[in-house]
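Sharing a structure below in structure tokens format, with a few things to ask.
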Amino acid sequence: MPEIGELDVCAQRITLISMTGTTLLTLKQQLTKLSERERREVSVFLIRLGQENLQWKKETARRLKEMDAGKKTSAAELRKRLADGK
């Protein structure tokens, strides 16, 4: 998350000065006032921001290698795991 900068969200502008507890709370309050579409846009932005992280890229590469090596989970197995809470 940037220390200083601006994030445009459709017609609203949220200014990020620093992420102190107070400004983070203010940001969260402003986010609750956005429309569902605007919140989706913010969500996509945050996901993309995370994907730029080197650690995320390394973890994704590791998981893809595991899948290529045959370590995969079928949809049926995934449903079973989710139902069992594992």
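Every number in this text was worked out from the coordinates using simple rules, so none of it is lab data. Just so it is clear, the model here is predicted, and its values are computed rather than measured. Here Cβ is always computed from backbone atoms with ideal geometry, including for glycine, and neighbour counts include all displayed protein chains.
For SER35, SER74, what's the fewest-to-most ordering of other Cβ within 10 Å of each Cβ?
SER74, SER35
If each residue of separation counts as 0.36 nm, what is the full-extension length gain between THR73 and ARG40 once their alpha-carbon separation is subtracted? It would help to have the intermediate numbers written out before the result.
Working: separation 33, 0.36 × 33 = 11.88 nm, distance 2.86 nm.
That pair, THR73 and ARG40, stretches by 9.0 nm at full extension.
Need the full-extension length gain, GLU52 to THR23, defined as separation in residues times 0.36 nm minus the C-alpha distance. One decimal, nm.
Values: separation 29, 0.36 × 29 = 10.44 nm, distance 2.40 nm.
So the chain would gain 8.0 nm between GLU52 and THR23.
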